[in-house]
Amino acid sequence: MNRPDVLPALLRTLARIAVIGALVWVALQALDWLRMETGAAGMAALALLLLIYALVLAVPFMPGVEIGLAILMMRGADAAPFVWAATVSGLSLAFVLGQLLPSSWIISALRDLRLTRSADMLAQFSFAPPEQRLEYLCQRVPAWLATLLTRWRYLALAVLMNLPGTAFVGGGGGLAMAAGLSRLFGPATTLLTFVIGTAPVPLIVWVFGPGILPWTR
């Protein structure tokens, strides 16, 4: 990066960090509010927290899942359907942003954050035709997952959403955004994939309560 470009890049990065930091701060305040309030005030705190959860989940490399788990542990089975809906909403937002945002904008943001390797990979990936994009992805995942991507790409997406190793692409939000950027996934089928792929934990909590989660014991 040329020296004259350093200051604008730094300012853009600081602005992004400030926005994300503000969302996280509000989420923490809403969590405290949720612990203390009941009735209408408690429902307002829950609604605000679910909105922030969906927004944070859509941002790659942000700990959105942890907010969802905190809501499940605090409000239990009653909150499970709302957490599920917010999760699908956040992932869908990330997918739509991946489809709508110019790849050059995302590449620029990665370079601002000094994620040069990721920016270079995305540059090679985004300017290739769809067939080559799929081949490019298959070269960078385990053989069994490459088979799923080739034959059952939506199943592969659902599997990846439930694997802890997705941190390397930015978690659920990064994965959904990458799916949108790839132009390999149709919106309607992807939405159905998000609905089914994110169902296990909320459904389990909805039926059995939060006590069944291993980290609550």
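Side notes on the structure shown:
- Listed peptides 84-91, 186-193 by packing density, highest first (mean Cβ within 10 Å): 84-91, 186-193
- Legend: residues Arg151, Arg111, Arg183, sorted from most to least accessible area (1.4 Å probe; ligands, DNA and RNA excluded), read Arg151, Arg183, Arg111.
- Between Tyr136 and Trp25, the modelled labels are 3.8 nm apart [label points 7 Å from Cα along Cα→Cβ].
The values are calculated or read from the model by the stated rules, or taken from the named source; none is laboratory data. Everything numeric in this text was worked out from a predicted model, so none of it was measured. In this analysis, Cβ positions are derived from the backbone assuming ideal geometry, glycine residues included, and neighbour counts consider all displayed protein chains. Only protein heavy atoms, including side chains, enter the accessible area calculation; ligands, DNA and RNA are left aside. Shrake-Rupley method; radii C 1.70, N 1.55, O 1.52, S 1.80 Å.
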